[in-house]
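Step one of this worksheet: look at the structure below.
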Amino acid sequence: MMMTMFARTIHRSSSRINVHHSSLSLSHSLRCNSHSPSNILHCQMSTETASIIDRLKSSGLLRTKGLIGGKWTDAYDGRTIEVNNPASGDVIASVACMGERETKDAISSAYDAFSHWSKLTANDRSSRLRNWYNLLLQHKEELGQLITLEQGKPLKEAIGEVGYGASFIEFFAEEAKRIYGDIIPPTLSDRRLFVLKQPVGVVAAITPWNFPLAMITRKVGPALACGCTVVIKPSELTPLTALAAAELALQSGIPPGVLNVVMGDAPKIGNTLVESPQVRKITFTGSTAVGKKLMAGAAETVKKVSLELGGNAPCIVFDDADLEVAIKGSLATKFRNSGQTCVCANRILVQEGIYEKFTKAFSNAVQNLKVGNGLTEGVAQGPLINEAAVQKVESFVQDAVSKGAKVLLGGKRHSLGMSFYEPTVIGDVKNEMLIARQEVFGPVAPVLRFKTEEEAIQIANDTNAGLAAYIFTNSIKRSWRVSEALEYGIVGVNEGLVSTEVAPFGGYKQSGLGREGSKYGMDDYLEIKYICMGNMG
């Protein structure tokens, strides 16, 4: 089946399914039998993990069952799947491992709820979304801790994601009241021509592990604002944040069935969502390879599809750039979330006149990044999501070195073990190397030389991807020329952090279809209906 793609993605965890085991599982003492530094650190992490989980359980935000029709539901066959902390390997929880039957029921629930939800006034939907936004902010500390536990990013960054994710709910709560139709001047005097915008129907939202809250709210916010109902399939690596957000959605007054969550057996869930005629739209964030297969599958029932896919972001530093601004911006866009974002600078292009000066100063800045458990104060880089991610980074670095690149900093696994990798800078990278052709999705900064503005543009555009790009220059004329010449949906000029709920997010070429965020983010969840009324004279 075409949806076996979910099982093939590099970030898919190894099989961790336990039959008839649905209780919360903690492991915070069994491995503390050695006095080696790594095991002592592991023991400390595990004790802190256990404490946080206890608090999350007390708050009611640690959910381990799927949500179908407003009810928390175990997998029908009792199977569960473990969720691990990538910083320690601890089992945070065992959650329901759902499949085809549960997904069909979730779709039916969303389909039944659509007739009621879509007929509520825009003001009513807006009010409930505003309640959800408020609850997300009220629980930002707990949600941030949950993100750090299951995804690994530093706590400060995780809490920042909660604020960012909540901002989409706030924004689209307001946009719910701005879905305007149109009146067209008729061609005949006895006719009246109207345009209505109506919700598309049931939406399947398939989300990744790198932003387990924000990638959900960026999709669910506009869907609910338009009057659609949703079935969410979060990554099996990070389902706990999705479930906590769903719990708060219920508390906010969003009716049963409007928002459903199923997780577990990715191929079976994906197949069911794509093949169901009741699902009228697929929205997906993930790899380009998976996105292509989703498009092919959606063709069978002619669903709407919006895709935010892979990137290969160039970060171009011209010799007239403010070096301090360029280093700060490049550092932010490259090493946020340990390099595990689709808009990360995957290639840093530096003009030859400042190449040596930049690489030295940039390497010094990278060297100061503190690596460790995201719950530890001052940590700027956490672990990669799993062992497969580390192996991918290693293979890219090895390929580059074998073809003449030089490791200027890092270049190997971190002494902390697990899936930690050293913040790395590689110089003398060539455009034909694997690390310049594909996303490394890790804390590795490849630096390439270029001579002219035209060469920089040519190198930057020489890819099938076109999501984000970055420019550092003090020339206003150059910033306009290069921005317009770059084949990318997002361009940051003298800025490395470009994501915001008020601006459209999406890519050119094989980086996807459609836009998320901003007023444009509503379009893919709406159908346009033309009404011609005769005998009006």
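The values are calculated or read from the model by the stated rules, or taken from the named source; none is laboratory data. On a predicted model such as this, the values are computed, not experimentally measured, just so you know. Neighbour counts run over all protein chains shown; Cβ positions are idealised from the backbone, glycine included. These area figures cover heavy atoms from the full protein model, side chains too; ligands, DNA and RNA do not enter into them. Shrake-Rupley method; radii C 1.70, N 1.55, O 1.52, S 1.80 Å.
Per-structure values
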| read-out | value |
| --- | --- |
| Extension gain, A388 back to V195 (0.36 nm per residue minus Cα-Cα distance, nm) | 64.5 nm |
| Long-range Cα-Cα pairs in the chain (distance over 38 Å), rounded percent | 29 |
| Positive-pole candidate from N312, I282, G329, dipole of the range 243-330, charges at beta carbon | I282 |
| Anchor K104: lysines whose Cα lies under 21 Å away (excluding residues fewer than 8 positions away in-chain) | K65, K71, K219, K233, K268, K281, K293, K303, K304 |
| Sites S58 and K156 - FRET efficiency at Förster radius 30 Å, r taken between beta-carbons, to 0.05 | 0.80 |
| Sulfur and carbon atoms: percent of accessible area, the range 384-509 [1.4 Å] | 51 |
| Highest-first arrangement of 327-337, 305-315, 210-220, where packing means the average Cβ count within 10 Å | 210-220, 305-315, 327-337 |
| Euclidean distance between Cα centres, the range 159-191 to the range 423-446, Å | 40 |
| Positive minus negative residues near N535 (Lys, Arg vs Asp, Glu; Cβ under 14 Å) | +1 |
| Net charge contributed by nearby residues that have their C-beta within less than 12 Å of A214 (K/R +1, D/E -1) | -2 |
| Inter-label distance, nm, simple model (7 Å from Cα along the C-beta direction), E454/A122 | 5.0 |
| Straight-distance crosslink candidates among aspartates and glutamates, where the alpha carbon sits under 14 Å from K328 and sequence neighbours closer than 8 are dropped | E495 |
| Distance between the range 261-277 and the range 373-413 - C-alpha centres, whole angstrom | 33 |
| Estimated inter-spin distance, S51 and N464, nm [label 7 Å along Cα→Cβ] | 4.9 |
| Computed FRET value (nearest 0.05) for N364 with K430, which takes r as the C-beta separation and R₀ as 25 Å | 0.55 |
| Cα gyration tensor shape for the range 327-444, rounded if a/c is under 1.5, else prolate or oblate | oblate |
| Nonlocal Lys pairs with alpha-carbon distance under 27 Å, the range 378-537 (8 or more apart, or different chains) | 18 |
| Cα-centre dipole for the chain with unit charges at Cβ (Lys and Arg positive, Asp and Glu negative), debye to 20 | 600 |
| Neighbourhood charge, 10 Å Cβ-Cβ cut-off, centred on C315 and excluding it, Lys, Arg +1 and Asp, Glu -1 | +2 |
| The range 49-206, relative contact order [Cα under 8 Å, separation at least 6], % | 19 |
| Shape of the range 96-169, Cα gyration tensor, a/c cut at 1.5 | oblate |
| In the range 111-185, lysine pairs closer than 30 Å at Cα, eight or more apart or cross-chain | 4 |
| Computed [θ] at 222 nm, helices only, for the chain once each DSSP H run of length n ≥ 4 contributes -39500 (n - 2.57) | -12000 deg cm²/dmol |
| Full-stretch length increase - S415, K477 - with 0.36 nm per residue and alpha-carbon distance subtracted | 17.7 nm |
| Residue list for the range 507-528, given a label point 7 angstrom along the Cα-to-Cβ vector of D182 and an amide N cut-off under 19 Å | 515, 519-528 |
| Per residue solvent-accessible surface (Å²) - the chain, probe of 1.4 Å | 39 |
| Solvent-accessible area, 1.4 Å probe, carbon plus sulfur percent, for the range 237-382 | 53 |
| Rounded, prolate or oblate (a/c below 1.5 giving rounded, otherwise prolate when a/b exceeds b/c) for the range 380-451 by Cα gyration tensor | prolate |
